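Before any comments, here is the structure.
The values are calculated or read from the model by the stated rules, or taken from the named source; none is laboratory data. Since we're looking at a predicted model, the values are computed, not measured. Here the Cβ is made from the backbone with ideal geometry for all residues, glycine too, and neighbour counts use every protein chain on show.
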């Protein structure tokens with residue numbers, strides 16, 4: 001393939017990515033036509049970087065571009081077509097389906113056989129295509145009839161089927177920083193052929209920076225606001241913050257139900273609770289709820305936190321979460337969100353322990369390794385006990401008949417006797433649980449093994465038979 005910059009388009013009409021008329025939106029007109037002019041993605045496009053070098057050398061295959069809106073996914077797709085001299089055909093996953101794909105493949109085969117020209121199929125919002133639709137791309141990508149450039153705002157591992165993903169290189173675009181947005185706007189203000197240069201509009205540095213701050217890394221949003229304001233002003237006028245603010249409208253919280261930000265915010269919320277930072281946890285909760293997320297998504301996460309990260313260090317945490325959940329259901333979002341906030345602060349400030357989580361995983365592993373071990377005979381009910389081998393019969397000892405409601409006897413299969421799974425931590429209620437386990441261990445119960453902390457041993461001289469450690473007020 002040629003290493004030069006070639007014309008891109010459908011081959012049967014106007015190029016989708018070719019510079020358009022003034023009727024096109026400003027953001028479309030200002031799309032860069034050189035890799036060097038793409039802002040904010042130098043980690044991908046600079047000389048020496050795999051994507052940039054592959055595009056320049058014309059040897060790029062199928063790719064998936066992922067990143068927030070307005071960061072240049074469509075621009076990079078257009079540049080792949082231009083630099084590799086491929087015919088670019090755009091599929092919109094919202095409006096186009098498999099019939100349109102079949103038409104494109106037929107045209108691509110004809111084009112390839114006629115003049116050897118490859119076809120680049122750009123699938124915008126590929127995450128909106130169903131599995132069957134994505135699978136339809138697979139054979140044509142494999143046999144080289146088409147190259148694929150999929151664009152998505154979602155995490156590709158969640159949004160793209162594995163077979164297709166394995167045949168593509170995935171590149172993650174970053175949100176533009178404020179300086180990038182400022183430069184994009186300055187280009188539009190000075191460009192006389194594609195931008196607003198002929199209008200001689202004036203924008204102060206402070207106003208430019210304010211616009212960059214408000215657009216959350218989305219160049220398209222900045223140019224859209226600038227264009228909307230410019231349409232209301234005479235040539236040579238000054239663009240004000242008030243005018244741009246009115247054009248931008250309400251600032252949208254960076255959080256989307258199908259976007260990577262949703263998983264990122266949930267992850268930040270969980271880690272803030274686990275890290276005992278109630279301030280950060282409240283912030284991430286507020287950010288999500290302002291974006292319209294269902295609070296029950298966070299209540300489910302809090303229930304997981306209560307069992308995974310708090311556990312028996314504070315057994316009340318799970319009850320607090322479930323009570324908040326019921327309050328939210330009864331009160332609705334307006335008042336119920338305060339109950340969610342209360343549960344969030346409670347979980348963030350509760351003592352932490354993952355010992356229950358680890359114990360459950362260890363018990364699961366033991367059960368998977370011994371699926372056929374018989375239940376000890378003395379633990380069977382009366383009828384089952386009579387049917388067991390006489391050699392296995394052992395009388396069951398009723399704990400309440402003994403001092404402290406405890407008597408040492410085996411409760412696990414023989415091969416697992418002495419095996420422990422739960423080792424309590426040193427904080428909260430688990431400190432009291434450790435004392436009780438130590439007291440039982442001294443009387444023949446399961447051994448107490450160290451798991452980072454050693455529970456204080458309790459001797460018979462320290463505690464009488466009727467007083468179990470941790471049970472007193």
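List the helices (runs of 4 or more DSSP H) inside region 111-183, counting only whole elements, that have at least 1 residues being farther than 21 Å from residue 262 by Cβ. Quick ask: steps written out before the conclusion?
On the way: elements: 131-142, 156-159, 162-165.
Counting at least 1 such residues, we get 131-142, 162-165.
Residue 77 is checked against (1) crowded, with 24+ Cβ neighbours inside 10 Å; (2) part of a strand (DSSP E or B); (3) touching a residue at least 60 places away in the same chain (Cβ under 8 Å) and fails just one. What number does that condition carry?
Unmet condition: (2).
If only one of 94, 88 is outside any helix (DSSP H, G or I) and surrounded by fewer than 20 Cβ atoms within 10 Å (Cβ to Cβ), which one is it?
Numbers: 88 fails: surrounded by fewer than 20 Cβ atoms within 10 Å (Cβ to Cβ).
The unique qualifying residue is 94.
Where residues in region 330-343 are assigned to a helix (DSSP H, G or I) and without any contact (Cβ under 8 Å) to a residue 12 or more places away in the chain, which of them is farthest from residue 282 (Cα to Cα)?
Result: 330.
Residues in region 69-88: is at least one at pLDDT below 90, touching a helix residue (DSSP H, G or I) at 6+ places or on another chain (Cβ under 6 Å) and closer than 30 Å to residue 229 by Cα?
yes
Surrounded by fewer than 18 Cβ atoms within 10 Å (Cβ to Cβ), more than 16 Å from the chain's Cα centre (by Cα) and modelled with pLDDT of 90 or more: which single residue out of 340, 345, 321 fits that description?
On the way: 340 fails: surrounded by fewer than 18 Cβ atoms within 10 Å (Cβ to Cβ); 321 fails: surrounded by fewer than 18 Cβ atoms within 10 Å (Cβ to Cβ).
Of the residues listed, the single one that is surrounded by fewer than 18 Cβ atoms within 10 Å (Cβ to Cβ), more than 16 Å from the chain's Cα centre (by Cα) and modelled with pLDDT of 90 or more is 345.
In the set 161, 155, which member is surrounded by 15 or more Cβ atoms within 10 Å (Cβ to Cβ), out of contact with any strand residue (DSSP E or B) (no Cβ under 6 Å at 6 or more places or on another chain), touching a residue at least 40 places away in the same chain (Cβ under 8 Å) and over 23 Å from residue 25 (Cα atoms)?
None of the other options fit; the residue is 155.
Can you find a residue that is touching a helix residue (DSSP H, G or I) at 6+ places or on another chain (Cβ under 8 Å) and closer than 20 Å to residue 31 by Cβ anywhere in region 113-120?
Among the residues of region 113-120, at least one is touching a helix residue (DSSP H, G or I) at 6+ places or on another chain (Cβ under 8 Å) and closer than 20 Å to residue 31 by Cβ, which makes the answer yes.
Residue 422 fails exactly one of the following numbered conditions: (1) assigned to a loop (DSSP other than H, G, I, E, B); (2) modelled with pLDDT under 85. What is the number of that condition?
Of the numbered conditions (1) assigned to a loop (DSSP other than H, G, I, E, B); (2) modelled with pLDDT under 85, the odd one out for residue 422 is (2).
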